[in-house]
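Asks: I'd like to ask some things about the structure below.
The values are calculated or read from the model by the stated rules, or taken from the named source; none is laboratory data. Everything numeric in this text was worked out from a predicted model, so none of it was measured. Glycine also receives a Cβ, built like all others from the backbone with ideal geometry; neighbour counts cover every protein chain displayed.
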Amino acid sequence: MAVSLEGTVALVTGASSGIGEATAKALAAQGAKVAVTGRRLERLERLASEIGGSGRTALAIQSDVTDQEQAIAAVDRTVDELGRLDILVNNAGQMLLGPIEGAPTEEWERMIDINLKGLINTTHAAVPHLLAAAEESQRGCADLVNISSVAGRLARSGSGVYNLTKHGVGAFSESFRQEFASRRVRSTIIEPGAVATELTDHIRDGVREQVRERFADMQKLEAEDIADAIAYAVTRPPHVCVNEILIRPTEQVG
């Protein structure tokens, strides 16, 4: 049975497009006030306006979560302006694929910064507020949702450092779950397969075409499919923790 999110506040990182944008809309539709963060303020403000136009509350915050001070400031502003924090969705991430040999290592640094450092920066800042929400709210729990990938389960040639970061997301999420289970802060990992978003746009020339060719004849997931899974996880009764959701297109083999 779904539990209403009325009276809750959610923070979604990387919300200027794709899964983050769809998730913000989905959580708002369930009753949550939503703070949306990312680097592209114009898009965030447009999203917040759209959510506001539907009678819900949204707050746009420009933030680069790879910078710890900015991540802390985003969490603090969410709590200051919306009153609390019940749900954190760590969605911001990049997928820069390609062979290890001859790789531009600045791509590796970017993925480690956003996929790992960004996630732990925001989570660390949010923990006190999530604990308070779990203890004080009528809902009786709080939620951390980390967006991983099929790449967090399966290693592939040409995906080494992306695999590294997403396996790390899984390990951190499970350790978090164990640490905070008795205090009713739930931890959920979402592991999407191929999704029709901007994610492949940032892959360098030559590799990008190979990646897109691999999925060219397949009906990919939509961002809303992932947002629906996230909304499902955070609307379970407080005694139910959905630890992990692996979601692939029906035709995706690996």
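Asks: Being on the phi > 0 side of the Ramachandran plot and in contact with a Lys or Arg (Cβ under 8 Å, 6 or more places away or on another chain) is true for just one of GLY98, GLY55. Which residue is that?
Replies: The conditions single out GLY98.
Asks: Can you name the residue in region 133-166 that is under 11 Å from VAL185 (Cα atoms) and in a loop (DSSP other than H, G, I, E, B) and is also farthest from the chain's Cα centre (by Cα) among such residues?
Replies: For region 133-166, the residue satisfying everything is GLY140.
Asks: Checking ALA26 against (1) of a type outside the set (Ser, Thr, Tyr); (2) in contact (Cβ under 8 Å) with a residue 60 or more places away in the chain; (3) part of a strand (DSSP E or B): exactly one of these is not met. Which one?
Replies: (3)
Asks: Scanning region 91-121 for residues that are closer than 13 Å to ILE147 by Cα, crowded, with 23+ Cβ neighbours inside 10 Å and of a type in the set (S, T, N, Q), which turns out farthest from the chain's Cα centre (by Cα)? Let's see the steps before the verdict.
Replies: Of region 91-121, the ones closer than 13 Å to ILE147 by Cα are 91-95, 114-116, 118-120.
Retained after the next criterion (residues that are crowded, with 23+ Cβ neighbours inside 10 Å): 91-93, 115, 118-119.
Now restrict to residues that are of a type in the set (S, T, N, Q): 91, 115.
On the way: ASN91: 2, ASN115: 10 Å.
That would be ASN115.
Asks: Sticking with this structure for a sec: Here's a check for you: in region 183-197, which residue that is aliphatic (A, V, I, L, M) and in a loop (DSSP other than H, G, I, E, B) is modelled with the lowest pLDDT?
Replies: ALA196
Asks: Would you confirm, using the coordinates I've provided, whether LEU116 is touching a residue at least 24 places away in the same chain (Cβ under 8 Å), assigned to a helix (DSSP H, G or I) and of a type in the set (A, V, I, L, M)?
Replies: Judged against the criteria, LEU116 is a match.
Asks: Of the residues GLU244, GLU191, which single one is within 21 Å of ASP86 (Cα to Cα), of a type outside the set (Lys, Arg) and in contact with a strand residue (DSSP E or B) (Cβ under 7 Å, 6 or more places away or on another chain)?
Replies: The conditions single out GLU244.
Asks: Here's something else I'd like to know. Give the residue that is modelled with the lowest pLDDT, with candidates limited to residues of region 199-223 that are surrounded by 17 or more Cβ atoms within 10 Å (Cβ to Cβ) and of a type outside the set (A, V, I, L, M).
Replies: Top of the filtered list is THR200.
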